[in-house]
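The structure appears below as structure tokens.
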């Protein structure tokens, strides 16, 4: 096989209490990429549609991720990468992660799968480093593995896949204002109170338990974040109103997707998710901000061949 | 029924990454208590053997816990409480929690079970408040519920029971030096770095996952605490040596039990636990400190009638 087309999914990282360690993969939102072998021994970004992004491989997250893989493999194979970018950069739903993950997934397949999906994570993280100055894994891991990913440790890297309760749905609102991950990280306090941290890890432990037991109400009660959300939510227009509105319409929980400005409402079942989506649509349409609104199931398999 | 004898188990709280939210219940270490109705309308501590502890109900954790229950129930029933105290106070394996939990368990049964086991936790916490100035639940919850308990939230109180992998064993060393919970809490820093907190909640999430999947190795890797252990371990003689020794002999993980000075080695299977116990016995026997050493399975049911 010399070329491959893949769907590279969007992801919701952090999920409130899981700041920097948890993420999940979306089903209906993502980029399409075409990766082809070339005979030039070079990694090239040959086409980008949908967004204006760097064409130089060393300045493009997909290029950087693929180069990291090829370097580790000591492979001289060249690749051409085409990206149909449907996830907006700076949206907070893993735009850079989708490109990095999609690219290393396809290259790995085209080379006969020298790496497992988990092994690909560290290469895709190099793309994240380029994008945000921080090689975080909580978007690229779920983009590659699907479902919910928990980053237990960065050094050494250890990522766990957690179960996906079948009725979970995500409503994601992307207000069309740009917040750079780098900027959104800089406002977070680097020291926190032990008390808040204890609440946070109590909630994260409960959230993990809820995924195993399919306890949707517990999942909702666990989606709390008293550390990062109070700071970052200030940057997101009408955050508190959206939170209340979503829960009033039956969402299990509500929070910031990644570093924002996207926000997510976690819902149980299609009907509930449709209600929440309609309420947000109605509310935000009356505001002065353009937006995109998605409804998605949880994607259990991650990047896929199309 | 007018009287009842119960076994009130010792418990290991915190379990490294689960500071203040996690605890588990031991099988072979605990107090025995006899609780009898009296016609005086008073709660009395009528006998304490094994240790020198307050006989006034208002100064005794069991008395305080029972009074909290009776007040909530608006019951005028009196009770006599006898305690055969086998868990040394200040040991770090839930000595006060055992008395509080055992007493409220028995009184609840003698009154026809007006409360569920989970509802009893808040009464037993009043005993913890008397003992340490902090109404924590991470000992009383596993003492009452058995197995592993996770405190998701204190306000409102929500405690989850987590699964118990069947081969888990605990080796507990109690160096006979006294550290008051109150003092041991006071040396903990009230502000911590966000980076450490992220590592901690990543590990706690993984630990919860490991309990569900019976992944013993993951359980071991998750038993890390870079927040409280580095401070508290200074108070425990030969902590680092014991840590290394336990792991060298095959323990999954090692940490401080509660606020210390007891330490625990979590092991897989009896043979492994016997090896770790023998190695600790041999090592500590050569030191100048008296000690007690326990090997126990995980008690899945908590306080029990004997």
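The values are calculated or read from the model by the stated rules, or taken from the named source; none is laboratory data. Values in this document were obtained by computation on a predicted structure and should not be read as measured data. Virtual Cβ from ideal backbone geometry, glycine too; neighbours counted across all protein chains shown.
Among B:10, B:62, which is surrounded by 24 or more Cβ atoms within 10 Å (Cβ to Cβ) and in a helix (DSSP H, G or I)?
B:62
Here are some conditions: (1) touching a helix residue (DSSP H, G or I) at 6+ places or on another chain (Cβ under 6 Å); (2) touching a residue at least 60 places away in the same chain (Cβ under 8 Å); (3) more than 20 Å from residue A:209 (Cα to Cα). Residue B:145 meets all but one. Which one does it not meet?
Residue B:145 satisfies all of (1) touching a helix residue (DSSP H, G or I) at 6+ places or on another chain (Cβ under 6 Å); (2) touching a residue at least 60 places away in the same chain (Cβ under 8 Å); (3) more than 20 Å from residue A:209 (Cα to Cα) except (3).
Of the residues that sit in region A:127-141 and are modelled with pLDDT under 95 and within 12 Å of chain B (Cβ to nearest Cβ), which one is surrounded by the fewest Cβ atoms within 10 Å (Cβ to Cβ)?
The selected residue is A:134.
Pick out, from region A:167-276, the strands (runs of 3 or more DSSP E) lying fully within it that include 2 or more residues that are within 14 Å of another protein chain (Cβ to nearest Cβ) and closer than 29 Å to residue B:160 by Cβ.
Filter on region A:167-276 gives A:191-193.
Which one of these does residue B:98 not meet: (1) part of a helix (DSSP H, G or I); (2) farther than 27 Å from residue B:172 by Cα?
Unmet for residue B:98, out of (1) part of a helix (DSSP H, G or I); (2) farther than 27 Å from residue B:172 by Cα: (2).
So for region A:23-39 (the condition being more than 14 Å from chain B (Cβ to nearest Cβ), farther than 28 Å from residue A:165 by Cβ, touching a strand residue (DSSP E or B) at 6+ places or on another chain (Cβ under 6 Å) and assigned to a loop (DSSP other than H, G, I, E, B)), does at least one residue qualify?
No; the residues of region A:23-39 include none that is more than 14 Å from chain B (Cβ to nearest Cβ), farther than 28 Å from residue A:165 by Cβ, touching a strand residue (DSSP E or B) at 6+ places or on another chain (Cβ under 6 Å) and assigned to a loop (DSSP other than H, G, I, E, B).
Filtering region B:201-217 down to residues that are free of Cβ contacts under 8 Å to residues at least 12 places away in the same chain and out of contact with any helix residue (DSSP H, G or I) (no Cβ under 8 Å at 6 or more places or on another chain), which residue is farthest from residue B:188 (Cα to Cα)?
It comes out as B:213.
Is it true that residue A:144 is at the interface with chain B (Cβ under 10 Å from one of its Cβ atoms) and either within 13 Å of the chain's Cα centre (by Cα) or assigned to a helix (DSSP H, G or I) (or both)?
It is false that residue A:144 is at the interface with chain B (Cβ under 10 Å from one of its Cβ atoms) and either within 13 Å of the chain's Cα centre (by Cα) or assigned to a helix (DSSP H, G or I) (or both).
Quick check on this structure: which one of A:253, A:220, A:260 is touching a helix residue (DSSP H, G or I) at 6+ places or on another chain (Cβ under 9 Å), in contact (Cβ under 8 Å) with a residue 40 or more places away in the chain and under 13 Å from residue A:13 (Cα atoms)? First the steps, then the outcome.
Working: A:253 fails: under 13 Å from residue A:13 (Cα atoms); A:220 fails: under 13 Å from residue A:13 (Cα atoms).
When all the criteria are applied, what remains is A:260.
Does residue A:18 satisfy being surrounded by 19 or more Cβ atoms within 10 Å (Cβ to Cβ), within 14 Å of chain B (Cβ to nearest Cβ) and within 15 Å of the chain's Cα centre (by Cα)?
yes
Give the number of residues within region A:68-89 that are surrounded by fewer than 22 Cβ atoms within 10 Å (Cβ to Cβ), over 15 Å from residue A:9 (Cα atoms) and touching a residue at least 24 places away in the same chain (Cβ under 8 Å). Step through it out loud before you land on a result.
Initial filter on region A:68-89 (surrounded by fewer than 22 Cβ atoms within 10 Å (Cβ to Cβ)): A:68, A:70-78, A:80, A:82, A:84-86, A:88-89.
Filter once more, so that each one left must be over 15 Å from residue A:9 (Cα atoms): A:68, A:70-78, A:80, A:82.
Subset that is touching a residue at least 24 places away in the same chain (Cβ under 8 Å): A:68, A:70, A:72-73, A:75-78, A:80, A:82.
Matching residues across region A:68-89 total 10.
Surrounded by fewer than 20 Cβ atoms within 10 Å (Cβ to Cβ), closer than 29 Å to residue B:240 by Cβ, modelled with pLDDT of 95 or more and away from chain A (no Cβ under 12 Å): does that describe residue B:115?
When the stated conditions are applied, residue B:115 does not pass them.
Which of the residues spanning region A:267-278 are closer than 25 Å to residue A:178 by Cβ and touching a helix residue (DSSP H, G or I) at 6+ places or on another chain (Cβ under 7 Å)?
If the condition is that a residue be closer than 25 Å to residue A:178 by Cβ and touching a helix residue (DSSP H, G or I) at 6+ places or on another chain (Cβ under 7 Å), then A:276 is the only one that fits.
Within region A:147-166, restricting attention to residues that are modelled with pLDDT of 95 or more and part of a loop (DSSP other than H, G, I, E, B), which residue is farthest from the other protein chains (Cβ to nearest Cβ)?
A:166
Looking at B:176, B:120, B:110, which one is closer than 30 Å to residue B:41 by Cα and surrounded by fewer than 21 Cβ atoms within 10 Å (Cβ to Cβ)? It would help to see each step written out before you state the result.
Values: B:176 fails: closer than 30 Å to residue B:41 by Cα; B:120 fails: surrounded by fewer than 21 Cβ atoms within 10 Å (Cβ to Cβ).
That would be B:110, the only listed residue that is closer than 30 Å to residue B:41 by Cα and surrounded by fewer than 21 Cβ atoms within 10 Å (Cβ to Cβ).
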